[in-house]
Structure formats: structure tokens, C-alpha cells
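The structure appears right after this line, and notes come after that.
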Amino acid sequence: MAHAATAHADSGHVDEHHWTSTGLNSRKIAIWGFIGSECLFFASLISTYLVYKGKSLVGPLPHTESQCMLDGKMQTCEAIFEIPLVTFGTAVLLFSSFFVVLALYGAQKGDRKMLLTWLSATVLCGLFFVGMQVYEFYHFYHKGLGYSTNLFGSTFYTLTGFHGSHVTLGVIWLSTMLYLAVRGKLTPDKSLNLEMAALYWHFVDVVWIVIFPVVYLMR
Amino acid sequence: MERSPGRVWRAWLTRAGLLGLLVLIAGCSQNYHQTTLLPRSDITRLIDDLFMTTVWWAVVVFVLVEGALVYALFRFRSRPGDPEPEQTHGNTTVEIIWTVIPAVILAFIAVPTVKTIVKTSLPAPNPQVDVEVIGHQWWWEYRYPKLGVVTANELVVPVGKMVNLRMWSADVLHSWWSPQLASKRDVFPIFNNTRDKKINPLWFTADSVGDYSGQCAELCGIQHARMGLRVIVKSEADFESWVAKERVGSPLVEGGKVAAAIDSAWKADTVHTKGQAAFMSGGCIACHAMVGTPLAGALNLRGPNLSHTGGRTTIGANMYENTPSMLAQWLRDPQGMKQGSHMVLPRPLTEAEISALVAYLRMHQ
Amino acid sequence: MATSVLEHKAPAIPHHYPKTGFWSWITTVDHKRIGILYGATAFIFFLIGGIEAVIMRLQLIGPNGKLVDPDTFNALFTMHGTTMIFLGVMPLSAFFFNFFIPLQIGARDVVFPRLNAFSYWVFLLGAIFINVSFLVGAPPDGGWFGYANLTSARMIPSTAAAPAPGLNIDFWVIGLQILGIASIAAALNFFVTIINLRAPGMTLLRMPMFVWMSFIVQILLLLAFPVITVALVFLMMDRNFGTSFFMPDGGGDPVMWQHLFWIFGHPEVYILILPAFGIASEVLPVFSRKPLFGYTAMVFSGVFIAFVGFGVWSHHMFATGMGPFADTFFSLATMVIAIPTGVKIFNWIGTLWGGSLRFTTAMLFAVGMVALFIVGGLSGVMHASPPADLQQTDTYFIVAHFHYVLFGGSIFGLAAGAYYWWPKIFGRLLDEKLGKAHFWLTFIGMNLTFFPMHYLGLHGMPRRVYTYPEGLGFEFLNQVETVGAFVIVLAFLLFIVNIIKTWMGPANAPADPWHGATLEWSIPSPPQEFNFPNLPRVGSSVPQWDAWRAAGGKLPEPVRVSGDDIHMPNPSYWPLMAAIGLTILMSSLMLIRQWDYWYAITLFGTAWLFFSVYRWAFEPTGH
């Protein structure tokens, strides 16, 4: 065995295969690191949206009527945003964060019914939000806002589109967890798998809490 | 221990010294026509003073730090049987000192820097000649709105008068750089519908008559290297007579119309009539404004205004001397003379057309 | 080290995973083998980048050079910069991160071995992807900084001379996206590895300085790369979907690209240099027989540089005309960075001071790095001053500056690391005579090539020019530089000869040829798959010197053990499969303007990626 005084750990005190310096699970640190990186990703998108706010050369505009090209002719277009629907979507997404906490609690306690109920609710909320966004994009497009129509369209679709794709990935991830839960494989000792998905889900949610006021409410 | 590095060090030092000497000799000679080190205007002198301040501080720091390093390398090289050196881990006093000293030196650089920023960023204190500079791939357009002059590549200014440039671009980013007279500033595109127009200013007062080279300093495509420019500083009298010549048929003077007397004199001149015929039939008119043609008053054409080509010293953006043979060669094969340039002949010109054009372009000074 | 989303029971290594040969390298998850793959790949691309540089130097040896076309020259400097940064220095750093972070912190592998393999494969495919552009005749030619709107497709209406935009810039955009994903994945891995796999007793302030600087680099990578990812997405949309993110004709602003690019680009500078700082901080103490001077100051100056480094990006943009307030702010912030950098230099000199210096090749390169970095640092302060920068930016003065910090700094640091760690990696000591010749030729060639560039820039020679006219006084110094470039080539050939000679020699390096201070020297050279039979216990930042002292100045050579009871992660080909899926997905974006059904390939790549990721997630890890 290796030589003397670089005093080697004696196996009595340290479980060499599960040793971590912080005592935390590495995957949990990794997801936090990833979230940190993602923060800069969304910060860049949101900053660009803000820098270009009000710089569109033609309509349609988010909050006010404007001249825009619709059905092949320039005409007065209505404001793009319809706040009630997106507010409802926001509430649904916020509630899903609450539900996933309950699901995780169920997973940690080994309460299968609680886990399945709330995890299903979370996935359904996520699906609803994605559906709302698809509807919104479709609707906005038919109100004259194409991807390259103006800077508002480009920055709006890029920002909310990337957020929506993150939500979609989250739904896929959570659905995988749901599948495992249904098959009884998400036992309390494996609950970290759900905890990571939940952390990611919270992050996606928090990003929306920034996007919603900055994009939809701020005039 | 390994072979003593002393000999190699000394050899290197000798070599470095020789090179330094060579470079210094080269640096002091007067063969640099685009140098920042021989400033010839108020603003470049300000910048040069600031730069030299930092250079001297840098030399001091360089000598002290590299000196300490080289001293340590010689002084502390291991010898056979050396005992283990003292295992020091640091020394708070020393570490504080060498954190504070650089901070103080930086303050000595920062204060003149901020002063110079303020001086150089001010709007031109006393603008006497206004010029609009427009970057194009790969040439420069100059417009003197108050004097009624439109020209290309060669900026002509009077000595001792403050020139105020307002600069933008017609296509991509460029950077207008006249090292001896003005330093540089990027130019940003303004298109027809651009709302937030970014027009960069730059001002200078040239303090001696002469020709000064410069060029584009921001990568702008295939011929970035050949987007040259020239600033010609003239005495006030010379400048005024230059302006008087340039005003003839300028788009900024009565939309390019010339006096009837001049017009009829041109029409009687076969050099003019034959040249103009070639100019029209050869397709030059599609991209270039020219005195006496229907488009003499046009601005914003694709190519430079050619009304007074005969009075310019260079062609192709400071690329070739403006001689009849160079001009002819350019007209024969612009892509061969400047690969990728936007000058594309609709059809090859005949030799007869080329010589008519050369005479015509050189006639209008 | 469990990495599976679902941890299955640990079966023995499946027999279809070989332990040696081609397939063992394809499926490896061993950080040491992945490190070697990074090193070998980066070395090849480094040579390609060097060849590009030599062609440029030949073109510029005299005025009106005609060796290459103007557009070829533009491609050469674009790809030289892109290659040296993303395919040369960064992966060479990753070579050392991979091999030595686990060894120096006393770990058996990185925390996510398969993610590590994934990072490498994505990097390799991205590097090949971006260089394929040469083979299809459309190499990127918009500069490594890709300034919009030159790189936006609808820059000007097309003419016969400038027809519809080619794929040149698309290769650059998509290639950088692929490489960015590799960098972020790798950074996440090392970030967690350093936080969580330090051996018992190795507190943060006992970590080797190389690990510290690497740690800072990983954080910079995690925070800087997302910004360029976003910028590249915008540029891609401008090129393909008619948006106006950077196009003034639709209200966009090309300056926005510059901000986004340099918010990434400036931290990137520290990503390139800090690993070299770390290596020098390992090599100098060992060959001075004395610990690093001012360890804590070294740590915090590194942290400070990284932190302030995020707030100075606009010093690349003084010529854009930002106004006196922004100029002053970014100028002073930039000058402030000189203080911690100075602290590092003084601490290195302090480390040498009073020591007993052995001038091995590694030591020469480390000292050379310090000496040359001083020059780059001083010229850096010169153009931190905005008025002076108005004369210097986009000239050869800047080229001189960043080659002193990146060649004189990064490359010298990496070379020091190569000579220092070669015996640990390959069990063979590089030849010291050839090594010293390598050093001196590099040192002389480097100064011959890059020092005159200061003068050229000050005398008015802009960067990125395919040629220069006669009569401006540029001829002589350009000749000197081209000669210098060939001296560097010669030096590099000596290094290759050294590698071949060493390769053919006996594998007889001892565990600790240098009397090293850190944990990697406590195990055999090359290390066994599991690195440490038992996790070491660490009581200071120089554990191996502690052991040496405790043993009374004589340590026995560590013996190789069977290690049968040590579970190491299983090999896997899913990282490679996932990397291929990702590359297909990204490559499909090249076809947007070419083929109406490009998204069919996108969907195919996405499906492939998802399938591979699921197989990866549910694969037994042997743990």
C-alpha cells in the first residue's frame, strides 16, 4: 500500500465510496451550479428585452395600439398583450411550485398517494402553462406579431420561447419522475431524484416571476 | 544541479539588447507616415502626452520588477549541498507595501487619464470646419455641408482651424483613423429607417501642412486592409481655392447645376463630351455622381462622387497613385485591382472608352 | 461518485467493455484518459492554429503580399483566434484540469465521470465541425469577435461581387454553440468536484493553487458562456429568420452585440490565463524548495480578478464613443485589476526570493511566464487609458499585448505544466536538454515575433489587414516578426521531437521526480485507475512535503496495489452517443437557409439526444 506519513484516511472513520467534503450530495450542488449558469442565460435575454423596449420601428406593440402590417396592409392594430390569461397561467405555474413541494414531501415520507397526487398536479400545471403559451404565440401571430415583425416580436418570442422550452423540459423531467413513482421506484431513499427536478422546476418558476412583471406588466 | 543558466541568460540579454537598439533606430527614423508617435494636432498631442506618461511609469515598473526577478534568479540559484531554504509563507508588511505601491502608481496614471478623457470627450470647443464622414465598403465619403463640398477618401482641411467630424456608416462598422491628426472613432451604420442614429464626433486642429495617411481600423470585410484614407492639410489660401473648385457641380450647391458659361464651355470640349458619353454608356452613371451628368446632384449613390477625380492624389481609397495609367488599369479591371470591391463593370469597357474616361476624369479637377 | 439518476445495484463491469484498445478509449470515463484525449486533441488543433499563424506571417513578410487572397487571410486570422482560444488553450487547460484536479485534491475521479466523457466528445465534435468549414470552402471570416453587422447576413443587398451570404459565419456561430455546451458541462463537473471531492482535511485554504485557480475558472465559465450563447442565438436569428437584433434597419443596435460578446469575452481572458497562473504557482515553489509566498493573497487576488473581470468588458469598446462617464468607469475598473495581478507577480518573485532554485525546463517556462506576463500587463495598463486606446485599439499594439499575455502567459504556463507533469501522466520524463532548447527558442522567437508588434501598432499598422502598402515603414519589423515566427516553429518541432524521443524511451519515471509538494506525487507514475488506494488525509497546503518531513527526508517509492475492492465507474458509450445526437441537432441549424425541411434533422438529432440521455440516466454505473 502507499507509503508513510501522508496520513491516509483509515476506513474506520471515512466511508470512502460516499465521501464528500461538504457532506452534501454532489448532484444537488451540481443542480445549483447549473441554475447559477442559467441565471446569466436569462439575465442576458431579459436585459436585451429591456434594452430594446420601445425601439420597435413598426407595430404591433405590447401595450398600445399601433400601425402594423396585417392581412397584407398597414392598419391600426390592437395592443398585443391580454393580461388576464397570462396572469392565470402565472398563477397556475406558481401553484405547481407549491404542488411539487408537497409531492417531494410525499416522496420523502414514503406516502405514495400524496406523491402521485401532487406530482400529477404539478405535471398538469406545467402542461397547462405550456399550452397557454402555445395558444398565446398562435394568437399573437394572428394579431400581426411575427417573429421578425419588429424588435418587440423578436425579443419577446426569444425570451418567452426559451422560458417555455425550459418549462417543457421540466415537464418531461417531472413526467419521468411520475412514471418512476407509478412503478414504485421513487422510494424515500431515491427522493433526491425528485428533489433535483423540483429545484429546477422552482428555478423555472422564479424566472417567470421576473419575466411576468418585466414583460407583461411594465409599460 | 542543472547547467548554470547564467551563460544562456547573458547571451539572450545581448541579443535582446541588439534587437532593442535596432528597433529604437528604426523607431526614431522619420519613415513612418501613419504613426501615432509624431502627433501633428492638438488632440493627438494630448493623447501622446498621456501615453508617454504611462510609458515612463511602465518603464520604471518594468525595470524594477524584471530587475528583481532576474536578481532573484541569479542570487538564489541552488548550489550543491544547499540546506533547505527557510520555509517562509508570507510577510504581511511586505504584501501590504506591494499592494499599495502599484495602487499609488496607478493613481498617477489615472488622474491624467481622467483629465484627458474629459478634454477629448468634450464637443469640439471651437468648430471652424464641419465635415460629415461616411464609411462605405471600402472607401470614405466626406461632405462639407456648410462649404458645399462632396468628395471621397481624401479629407482636405485648412491648417490651424478646428475641424469637427460627424461620422457614420452606410453599411457595416468601420473606424476612421488618422493617427497623426485625430486618433480614431468607430462609425456605425445609419440606414434610411434608422431611428436612433449613432453619429460619432471627432475633432482636431492640424498644426502643420502636409499629407497624412490613415485607414479604417475596424474589420469591415474583404478589403478592410485597403480602406485607406488621407488627410491633406493645406494653408488657408490653398484650402479656399480647393473649396472653390470643388463647389462646381457639387450636389450640395444648387443640386449639382453649374453656370451656363461653364456648361457650354464643357460641351464645346471633345474630351468632356466623349468622356461623358463613355461615362453614360459604360454604366458608370449607375453608381457615381459626376459633374455635367444628369446625376451630378445625386447623393447616396453606391460609389464615390467622381466630379473632381482629377484633383485627387490617389484612387481606390489611398491604394494607387492617381496617374493616367493607374486609372486606366483600374477601369480595365477593377476586381483585379481591388478584389471583392463593389465596383463591378456592367460590361468590359473598350480601350477607346477607357482612354476617353481617363482624360475626362482627369480634366475635371 | 454515484451519477446515475437511478442507482441500480452494482453489477460487475460488463465483459463487452474492453480495458485496452480503441473501444476502451471510446467508452472511457476515467478522468486521466479523458484528460489525455483532451491534451492530444488540443495539441493537434494547436498545430493547425500555428500553421494558420505562419501562413499569415508569410503573407505579411513584405508589403503588398500575394501569398493568399484577402478573403483567405480574413479566414486565417478568424480561425487562428478561434482555434487558439477555443480549441487550443481552453482544452489544453482542460487537459490539466482533468488529469490533475482529482489527483491534487485526493479524489478517485471527477464527480460525474460520464458527463466528463460527454464534455470531451462534444468538444471534439464541435472542434471538427468548425474546421470542416475549410473543407467545404466556407471558413468563418468575420473575426473571432464576429462583430455584427458585418456578420449579419443581410448587411447589404447582394450583388455579383457580394452574392448571397455563405455558410462561413454559420459555421462559426454553430461551432461556438457546440463548444460552449462542452465548456459548461465540463465546468459544472469540475466545480462540483472541487467543492465536494476534496480529501479529508483539505479545507478550501489548503487546496493547491492550481486547484484554486481552476475553481475560479470553472465559475467564470459557468457565468460567462451563457451570455455568448444568447448573443450567438440572436446572431443566428438575424442571419436566418430576418430578425433585427443587431441590424439598424430594423431598430437593432450592433453595439448590443459588442456588449454581449465582451461580457463573455473579458472573463474569457481570465479563463485562458488563470490556469497558467495556477500551474506557475505549483512549479515555482517546488523548484524553489519553499512554499508559495502569500498563499492567501494569491487566492484572494485570483477571486478579485475574476470578480472585477466581469465589470470591465467595455474597455474593449472605448472607440465606440461611450461618453466620458462610461469611459472613466471602465478605465478605472480596468486599472484596478492591475493591483491583484501585481500582487500575484510579486508573490511569485517572493516565492523565488531566498529559495534554492533548480532551473528545470518546467521552472524556466514558469519563470518565463512571469517575465513575459509583466510586459503584457504593462501594455495592458497603457490601453486601459481610453484616450491612448483611441490610438491603440484595433492595431498591432493590441496584438502584441494579448500575445504577451496569452502566448507569454498561457502557453508558457501550459508548457511549464507539460514538463512538470509529463512524468506523472506518462511515467516518462521529458528530455531536459531538448526541453531547455525548446524553452530558449520559444522565448527568443516569442519576443522576436511579438515585441516589434508594439512598434508597428504605434506606427499605425491596423490589425486584421491582409497586407500593407510600402512606404509606411512597416517592412522591416514585419520581416523580423516572420523570422521570429519560424524560430517558434523550430522550438515547437523540438518539443515534438522531445515527445517522440520520450515516448520511445523507458517508462522509468519515479513517483516523485521533482520532490513535489502536492498529493499527485504520493502515488505511482502513471497513477492507477483508482488513483488513491485509500483517501489521503491532508493537514496543510503541502501534504507531500509534510509526509516527507514526517518520514525524516526519505519516502519509499509507492507500490502498485491490486485495487480489486475499489469500485470504479463503468465505461459507457452513451456520452459519445449523446454528443453525436447533440451535434446532429446543432448541425441541422446550418441548413435553415438551404433546405426547407431542415427541422426534420433537428427533430432526428433531438430524438437521438433524448434517447441517449435516457439510456445514460438509467444505465448501471457499477456503483
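Can you compute the helix-only [θ] at 222 nm over chain C? Use -39500 (n - 2.57) per DSSP H run of at least 4 residues, normalise by all residues, nearest 500 deg cm²/dmol. Spell out each step's value before the answer.
Details: 19 runs with 382 residues, N = 623.
The per-residue figure over chain C is -21000 deg cm²/dmol.
FRET efficiency for the C:Val54 to A:Lys109 pair, using the beta carbon distance and R₀ = 56 Å, is estimated at 0.25. Relative contact order for segment A:26-217: 28 percent, from Cα pairs under 8 Å spaced at least 6 residues apart, divided by residue count. Taken along its three principal axes, the alpha carbon spread of chain C comes to 74, 60, 48 Å, from the longest extent down to the shortest. For B:Lys257, a cut-off of 16 angstrom between C-alpha atoms picks up these lysines, skipping any fewer than 8 places away in its own chain: B:Lys245, B:Lys267.
At 25 °C and 0.890 mPa s, what whole-number value in µm²/s does Stokes-Einstein give for the translational diffusion of segment B:241-298, with Rh from the Kirkwood sum over Cα pairs?
208 µm²/s
Each part reduced to its alpha carbon centroid, segment C:346-366 and segment C:166-194 end up 35 Å apart.
Sorting B:Ser213, B:Ser241, A:Ser97 from the fewest to the most surrounding beta carbons within 10 angstrom yields B:Ser241, A:Ser97, B:Ser213. Sequence-ordered 3J(HN,Hα) estimates for segment A:182-187 from the Karplus curve with 6.51, -1.76 and 1.60 and θ = phi - 60° stand at 4, 7, x, 9, 9, 6 Hz, glycine and proline given as x.
Taking each pair of different alpha-carbon atoms in the protein assembly as shown once, compute 1/r for the pair, average those values, and report the inverse of that mean as the Kirkwood hydrodynamic radius in Å to one decimal.
Numbers: mean 1/r = 0.0305 Å⁻¹.
One decimal place: 32.7 Å for the Kirkwood radius.
3J(HN,Hα) along segment A:59-76, derived from phi through the Karplus expression 6.51 cos²θ - 1.76 cosθ + 1.60 where θ = phi - 60°, amounts to x, x, 10, x, 10, 9, 5, 7, 7, 8, 8, 9, 6, x, 9, 6, 7, 6 Hz, with x in place of Gly and Pro. With 5 Å bins beginning at zero, the pair-distance distribution over Cα atoms of segment C:211-273 amounts to 4, 18, 24, 18, 13, 10, 7, 4, 2, 0 %.
Note on A:Lys53: aspartates and glutamates with a C-alpha under 17 Å away, same-chain residues under 8 apart excluded, are A:Glu65, B:Asp196, C:Asp249, C:Asp253.
Of interest is the spacing of the C-alpha centroids, which for segment B:59-123 and segment B:309-359 amounts to 57 Å.
Taking amide H as placed 1.01 Å from N in the peptide plane, C:Thr395 has its amide H under 5 Å from the amide H of C:Arg463, each at least 5 places away in sequence or on another chain.
Given in Å, the Rg to one decimal and the Dmax to the nearest whole number for the Cα atoms of segment A:26-217 are 19.0, 62.
Per-residue ellipticity at 222 nm for chain A, helices alone: DSSP H runs ≥ 4 residues times -39500 (n - 2.57), over residue total, nearest 500 deg cm²/dmol? Before the final figure, lay out the partial values.
Working: 5 runs with 137 residues, N = 219.
The per-residue figure over chain A is -22500 deg cm²/dmol.
Across segment C:587-604, computed HN-Hα scalar couplings (Karplus, 6.51 cos²θ - 1.76 cosθ + 1.60, θ = phi - 60°) run 4, 4, 5, 6, 8, 3, 7, 9, 9, 5, 9, 4, 5, 4, 6, 4, 5, 4 Hz from first to last residue, x flagging Gly and Pro.
Give the aspartates and glutamates whose C-alpha is closer than 12 Å to that of C:Lys433, dropping any in the same chain fewer than 8 places away, or say none. Cα-Cα hits under 12 Å: B:Glu2.
If contacts are Cα pairs under 8 angstrom and at least 6 residues apart, what is the relative contact order of segment B:254-363 in percent? Can you show the working numbers first?
Working: 122 pairs, mean separation 36.3, N = 110.
Relative contact order comes out at 33 percent.
Rounded to whole Å, give me the distance from the Cα center of segment C:374-391 to that of segment B:34-56. Between the Cα centre of segment C:374-391 and that of segment B:34-56, the gap is 13 Å.
The Cα-based radius of gyration and maximum Cα-Cα distance (Dmax) for segment C:274-369 are 16.7, 52 Å. Dividing the Cα radius of gyration of segment B:129-247 by 2.2 N^0.38 Å, with N the residue count, gives 1.02.
Segment B:216-343: Rg/Rh from Cα coordinates, Kirkwood Rh? We get a ratio of 0.97 for segment B:216-343. Exposure proxy for C:Thr83, A:Thr87, C:Thr602: other Cβ atoms within 10 Å of each Cβ, ordered fewest to most, give A:Thr87, C:Thr602, C:Thr83.
Of all beta bridges that DSSP places with both ends in the protein assembly as shown, some 75 percent have antiparallel geometry. Amide H contacts for B:Val156 (H built 1.01 Å from N in the peptide plane; partners 5 or more residues away or on another chain; cut-off under 5 Å): B:Ile232.
What is segment C:406-509's relative contact order, in percent, from Cα pairs under 8 angstrom and six or more apart in sequence?
Numbers: 90 pairs, mean separation 45.7, N = 104.
Normalised by residue count, the contact order of segment C:406-509 is 44 percent.
Which entries of C:Lys436/C:Lys501; C:Lys290/C:Lys344; A:Lys55/B:Lys198; B:Lys161/B:Lys197; A:Lys113/A:Lys190; A:Lys73/A:Lys143 show an alpha-carbon separation above 18 angstrom in the structure shown? Check vs 18 Å cut-off fails for B:Lys161/B:Lys197.
Which of C:Arg593, B:Arg226 comes first, and how do the rest follow, when ranked by fewest Cβ neighbours within 10 Å?
Details: C:Arg593 15, B:Arg226 26.
Least to most surrounded, the residues fall as C:Arg593, B:Arg226.
Using only DSSP helix segments of four residues or longer, with each worth -39500 (n - 2.57), what per-residue ellipticity at 222 nm results for chain B after dividing by its residue count and rounding to 500? Value at 222 nm, helices only: -13500 deg cm²/dmol. Under a 5 Å amide H cut-off, with hydrogens placed 1.01 Å from N, B:Ser178 pairs with B:Ser183 among residues at least 5 apart or on other chains.
With the largest listed first and rounded to whole Å, the semi-axes of the equivalent ellipsoid of chain B from the Cα gyration tensor are 55, 24, 18. The mean of 1/r over all pairs of different alpha-carbon atoms in segment C:218-321, once inverted, gives a Kirkwood hydrodynamic radius of 16.0 Å. At q = 0.21 Å⁻¹ the log10 of I(q)/I(0) for segment B:27-136 amounts to -1.27, computed by Debye summation with a single uniform scatterer per C-alpha, solvent ignored.
We did not get these values from a lab; they are worked out from the coordinates using the rules stated. Not measured: the values here are computed from a predicted model. Methodologically, a virtual Cβ is constructed for each residue, glycine included, from the backbone with ideal geometry; neighbour enumeration extends over all protein chains shown.
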